[in-house]
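Right, one structure below, let's go through it.
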Amino acid sequence: MQVAIVKYNAGNVFSVINAVKRLGIEPLWTDDAELLAKADRVIFPGQGEASHAMNYLRQRGLDKVICDLKQPVLGICIGQQLMCKHSEEGDTDCLGIFPMEVKKFQPTRHEDKVPQMGWNSLSFLRNENGNGNFNGKSNSGIDLFKGVKEGDFVYFVHSYYVPLHEEYTIAKANFTLDYSAAIHKDNFYATQFHPEKSGMVGQKILENFMAIDN
């Protein structure tokens, strides 16, 4: 299996590369459109600032490349946020794969420090059996959380969040409010948390992503 990791001006990429290697896969870190299109899986990870990241992607034509990918794609952290329509960070128009607006946390309590940094639990997991629902709806066919339990902890570092969406949210977390910890549409999956830093739970999620059928 060829796994391509999108190369752009984002931090925290090498931890993703190492996590994929721990699965026995040697990933390709590239910004080459042809190599990204040919890969069996594409991961769009990173930490950074939305407007700078989008400028980099547009200058190299990677914005269109990512949107046109047909294989399973996993966005991580800012990768999830950039898959949305717009971000309050830098008033940035993003890729628009998900019709959602990225918001900044506005804590009202002194103890709620932004950014959220550390471990937080997952809830409202939707899986391949259609379990999990939001406003009475389910999103079946999703295998990303197979073997992951309600309340399992994963690692977050972020000041901005993707609100809940009745169609696209497949997991949620809470920090000052409930928000989308993971979203899904067609062949695009994304997590606000860092599976590569989330121990065995994160490793299981990455394994599940590698096993998703095209």
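The values are calculated or read from the model by the stated rules, or taken from the named source; none is laboratory data. All figures in this text were calculated on a predicted structure; none of them were measured in a lab. Using ideal geometry, Cβ is built from the backbone for each residue, glycine included, and neighbour counts are taken over all protein chains shown. To get the accessible areas, we keep the full protein, side chains included, count just its heavy atoms, and leave off ligands, DNA and RNA. Shrake-Rupley method; radii C 1.70, N 1.55, O 1.52, S 1.80 Å.
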Q | Inter-residue pairs, beta-carbon under 8 Å, first farther than 22 Å from GLN2 by Cβ and in the stretch 193-211, second in a helix (DSSP H, G or I) and among the hydroxyl-bearing types (Ser, Thr, Tyr), 6+ apart | A | HIS194/SER15; LYS197/SER15
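Filtering the stretch 202-214 down to residues that are open to solvent by less than 30 Å² (accessible area, probe 1.4 Å) and out of contact with any Ser or Thr (no Cβ under 8 Å at 6 or more places or on another chain), which residue is nearest to SER123 (Cα to Cα)? Write out each step before concluding.
Applying the first criterion (open to solvent by less than 30 Å² (accessible area, probe 1.4 Å)) to the stretch 202-214 yields 202, 205-206, 208-210, 212.
Cutting the leftovers down to out of contact with any Ser or Thr (no Cβ under 8 Å at 6 or more places or on another chain) gives us 202, 206, 208-210, 212.
Details: GLY202: 15, LEU206: 18, ASN208: 18, PHE209: 19, MET210: 22, ILE212: 21 Å.
The selected residue is GLY202.
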Q.
Among the listed residues GLY96, GLY130, identify the single one that is more than 18 Å from LYS197 (Cα to Cα), assigned to a loop (DSSP other than H, G, I, E, B), small (Gly, Ala, Ser) and modelled with pLDDT under 95.
A. GLY130
Q: Quick one: in the stretch 166-181, of everything that is of a type outside the set (Gly, Ala, Ser) and crowded, with 18+ Cβ neighbours inside 10 Å, which residue is nearest to SER121 (Cα to Cα)?
A: LYS172
Q | The listed residue being touching a residue at least 60 places away in the same chain (Cβ under 8 Å), loosely packed, with under 14 Cβ neighbours inside 10 Å and farther than 21 Å from VAL162 by Cβ, out of LYS70, LYS38 | A | LYS70
